[in-house]
1. Restricting attention to the stretch A:164-186, report how many residues are at pLDDT 90 or above, touching a helix residue (DSSP H, G or I) at 6+ places or on another chain (Cβ under 6 Å) and facing chain B (nearest Cβ under 10 Å).
2. For the condition in contact with a Pro (Cβ under 7 Å, 6 or more places away or on another chain), assigned to a helix (DSSP H, G or I) and within 9 Å of chain B (Cβ to nearest Cβ), what is the one hit in A:Val66, A:Val90, A:Val73?
3. Name the single residue that is surrounded by the most Cβ atoms within 10 Å (Cβ to Cβ) among those in the stretch A:118-169 being of a type in the set (D, E, K, R) and within 23 Å of A:Met60 (Cβ to Cβ).
4. For the stretch B:179-251, which fully contained helices (runs of 4 or more DSSP H) count at least 1 residues that are more than 9 Å from chain A (Cβ to nearest Cβ), under 19 Å from B:Phe151 (Cβ atoms) and charged (D, E, K, R)?
5. Among the residues of the stretch B:194-205, write down those that are under 9 Å from A:Val32 (Cβ atoms) and of a type in the set (D, E, K, R).
6. If I ask for residues that are within 9 Å of chain A (Cβ to nearest Cβ), part of a helix (DSSP H, G or I) and either closer than 21 Å to A:Asp30 by Cα or among the charged types (D, E, K, R) (or both), which ones from the stretch B:116-137 would you list?
7. Kindly check whether there is at least one residue in the stretch A:156-169 that is farther than 19 Å from A:Gly82 by Cα, among the polar types (S, T, N, Q) and touching a residue at least 12 places away in the same chain (Cβ under 8 Å).
8. Please specify each residue of the stretch B:25-69 satisfying the condition of being without any contact (Cβ under 8 Å) to a residue 24 or more places away in the chain and either within 13 Å of chain A (Cβ to nearest Cβ) or more than 20 Å from B:Ala240 (Cα to Cα) (or both).
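The values are calculated or read from the model by the stated rules, or taken from the named source; none is laboratory data. Values in this document were obtained by computation on a predicted structure and should not be read as measured data. Ideal geometry is used to build each Cβ from the backbone, glycine not excepted, and the neighbour counts take in all protein chains shown.
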Amino acid sequence: MSTDLLSSSAGLTRLARALSTGRGLFETRDLVTIGLFAGAAKASTVILALAGGGMNPVTMILKSLVFSALWVVLLIKVPKTGALTLANTVAGLLGFFLLGQAMISLPSLIAATLATEMLILGLGGLKKRPWLAAPAVALSELAMRLVNLFFSYLGAREQPGLVIMVLIISAFSYIGILLGLAAGLKMARELRHAGLIQD
Amino acid sequence: MPDLSRIRPAGADRLGLAPEVRLGLTLLASLAALAADDLWAAATLLAASGLYLILQARLRTIALAYLFFGAMAMTALGCLWLLSFVFPALKEASPAAVIVPFSRLGVSVNMVLPLALHASLSGLVGTMNRLPIPGLVKLPMLVTIRFIPTFINDFSQLRQAVRLRFRGRAGLLFWCRRPFLWWRIFFMPLVVRLIRSADELAVAAELKGLSAETDFGRAPIILKKADRATLALGAAAVTAASILQVFHAAG
């Protein structure tokens, strides 16, 4: 049903309707998988941050590596447009409710992910080309970092030099994201081989 | 499945505010702090948010948070100092140009800390039931909330298994020499367990008839006296900061 929905000419309109109502886009098993991966991604980043002693480059790279590997595996398991947006929304809302993270920037972050997904859909979609999961995660994380940098700039607009620290942190964590893409693709291949991800 | 009610939030909750009130006030204060660029308006918001924090957290917790905040501020100032060699104009910045951005960060710390200290996974389910969240997002969020304690449990079991397997030889240096081994024996089993749990839970959810279209219902938001008083004081502080921003900045 969802594949037909996205390959049709009126796909975008129907996608927008499906995203707002939740009808016809995701099956229950997709939603459960997205929920579990979002929980695992959030919990593992918190565990690694606590184990690594906070903000050091190694922990930041490792956290992002695990996060992006999980996201790539998720997109290969649930190859539907909207899956990445929903996963980021769930992870973002969890951070919002529990830690007050991304209070103002959350809508922009969701919009950035959705824009990336539209681009991936234009390139053929995840169903036809599963390897697009890696560029989808790389682009959405880049877009989200740019949105965060913009909000950091707004917060320190009187002294833009202060944003340089945020820029350094974003750069380190993005190295982790890029490393995690390769790890995620390799992991997905092994999981498919083990029969845990079906084509 | 671990009992969620046993995971207690940290910190003494003196006001006992509803989570929705904390969320609303944090959002309001963050927006106001972002908009304010006058020194007095920023100071008003910082003072009001500081009072809000003192009423809801232990002094030791506040001191620790501010120690971390201070370290971050020092690092940022260090970066700025290094940059000033490349861009000499940065040295001529007025005090307000340095203080106002840090006061925004201070407001954020003051507002977010009570939220993080008093939030709990079990309380989050109640908060979600009272807020207008679509079923498409609510179902995965409920799954996430229920699954996090299980995932942490799996993580600690794997850690114990690795400790038993290497009998104390697996120190930091050991893992630094063998990063791929860490991936193979620690992360891969976690992901396999994750996918198996997803398949099992999906069958259980389908059998119970849960889907994105399920009507989860919505509980009413009930505000106590302390909630209403805090909301009123928060609104008054933001109004005062707005007046200072408009008139003092213009003057």
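1. 2
2. Values: A:Val66 fails: in contact with a Pro (Cβ under 7 Å, 6 or more places away or on another chain); A:Val73 fails: in contact with a Pro (Cβ under 7 Å, 6 or more places away or on another chain).
Going through A:Val66, A:Val90, A:Val73 in turn, just one is in contact with a Pro (Cβ under 7 Å, 6 or more places away or on another chain), assigned to a helix (DSSP H, G or I) and within 9 Å of chain B (Cβ to nearest Cβ): A:Val90.
3. Just the residues of the stretch A:118-169 that are of a type in the set (D, E, K, R), to begin with: A:127-129, A:141, A:145, A:157-158.
Okay, now just the ones that are also within 23 Å of A:Met60 (Cβ to Cβ), so A:141, A:145.
Values: A:Glu141: 26, A:Arg145: 20.
Step by step, filter the stretch A:118-169, then rank; the result is A:Glu141.
4. On the way: elements: B:179-182, B:188-207, B:225-243.
Hits in the stretch B:179-251: B:188-207.
5. B:Asp199 - this is the single residue of the stretch B:194-205 that is under 9 Å from A:Val32 (Cβ atoms) and of a type in the set (D, E, K, R).
6. B:Met128, B:Gly135, B:Leu136, B:Val137
7. Residues of the stretch A:156-169 that are farther than 19 Å from A:Gly82 by Cα, as a first pass: A:156-169.
Filter once more, keeping what is among the polar types (S, T, N, Q): A:159.
Adding the requirement that they be touching a residue at least 12 places away in the same chain (Cβ under 8 Å) leaves none.
No, because not a single residue in the stretch A:156-169 is farther than 19 Å from A:Gly82 by Cα, among the polar types (S, T, N, Q) and touching a residue at least 12 places away in the same chain (Cβ under 8 Å).
8. Answer for the stretch B:25-69, where residues must be without any contact (Cβ under 8 Å) to a residue 24 or more places away in the chain and either within 13 Å of chain A (Cβ to nearest Cβ) or more than 20 Å from B:Ala240 (Cα to Cα) (or both): B:Leu27, B:Leu31, B:Ile54, B:Leu59, B:Arg60, B:Ala63, B:Leu64, B:Leu67, B:Phe68.
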